[in-house]
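Asker: Attaching a single structure in structure tokens format; questions to follow.
Bear in mind that the values in this text are calculations on the coordinates, not laboratory data. Every value quoted in this text rests on a predicted model; they were computed, and no experiment measured them. Don't worry about glycine lacking a Cβ; one is built from the backbone with ideal geometry, like all the others, and counts go over all protein chains shown.
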Amino acid sequence: MARVKNAVNAHKKRRVVLERAKGYRGQRSRLYRKAKEQVIHSLVYSYRDRRARKGDFRRLWIQRINAGSRANGLTYNRFIQGLGLAGIEVDRRMLAELAVNEPAAFATLVQEAKKALPKDTSAPAVAS
């Protein structure tokens with residue numbers, strides 16, 4: 001029976017790993033073992049951060065909405081509550097887009113939210 005050697009497969013496997021490690025610093029791009037470890041870690045980081053990115057953007061949108069609504073005399077919390085009571089269903093991504101690029105349209109949404117809110121005298125006033 002003929003002997004089977006694995007040199008071709010081994011070289012291909014190593015070449016693929018080293019190609020994926022291209023651009024890494026030092027040994028991580030040149031030595032197979034270090035490159036393999038770094039490639040695995042890189043895949044883990046990218047998997048984790050694809051999920052984390054969604055939360056990062058949501059936090060960014062909330063900050064932008066809060067800044068826009070405070071500029072119009074309402075906190076973020078009360079603004080979102082007012083939109084719900086007014087029956088206006090706009091997601092945070094679109095609200096943030098309006099707050100940044102269309103301040104006049106955003107101001108009308110804030111006014112609608114203010115109208116829908118119950119008159120609460122115990123709520124602290126927002127400094128304009």
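Asker: Can you tell me which residue is nearest to E102 (Cα to Cα) among those in the range 46-76 that are more than 15 Å from the chain's Cα centre (by Cα) and exposed (fewer than 15 other Cβ atoms within 10 Å of the Cβ)?
Answerer: Result: A67.
Asker: Answer with yes or no whether R50 is free of Cβ contacts under 8 Å to residues at least 12 places away in the same chain and in contact with a Lys or Arg (Cβ under 6 Å, 6 or more places away or on another chain). It would help to see each step written out before you state the result.
Answerer: Values: free of Cβ contacts under 8 Å to residues at least 12 places away in the same chain: yes; in contact with a Lys or Arg (Cβ under 6 Å, 6 or more places away or on another chain): no.
No; evaluated as a whole, the condition is false for this residue.
Asker: For R28, are the conditions met, namely being surrounded by fewer than 15 Cβ atoms within 10 Å (Cβ to Cβ) and assigned to a helix (DSSP H, G or I)?
Answerer: On the way: surrounded by fewer than 15 Cβ atoms within 10 Å (Cβ to Cβ): no; assigned to a helix (DSSP H, G or I): yes.
In short, no.
Asker: Would you point out the residue of the range 37-77, among those that are assigned to a helix (DSSP H, G or I) and β-branched (V, I, T), that is farthest from A21 (Cα to Cα)?
Answerer: Our first condition is that a residue be assigned to a helix (DSSP H, G or I); within the range 37-77, this holds for 37-71, 76-77.
From what is left, the residues that are β-branched (V, I, T) are 39-40, 44, 62, 65.
On the way: V39: 6, I40: 10, V44: 14, I62: 37, I65: 40 Å.
That would be I65.
Asker: Also: What residue, among those in the range 78-104 that are β-branched (V, I, T) and assigned to a helix (DSSP H, G or I), is surrounded by the fewest Cβ atoms within 10 Å (Cβ to Cβ)? Break it down into steps so the answer makes sense when it comes.
Answerer: Residues of the range 78-104 that are β-branched (V, I, T), as a first pass: 80, 88, 90, 100.
So of that shortlist, the ones also assigned to a helix (DSSP H, G or I) come out as 80, 100.
Working: I80: 18, V100: 14.
Taking the candidates together, the pick is V100.
Asker: Restricting to the range 69-112, what's the tally of residues that are among the hydroxyl-bearing types (S, T, Y) and more than 22 Å from D56 (Cα to Cα)?
Answerer: Going residue by residue through the range 69-112, those that are among the hydroxyl-bearing types (S, T, Y) are 69, 75-76, 108.
Pick out the ones that are also more than 22 Å from D56 (Cα to Cα) and you get 108.
The total comes to 1.
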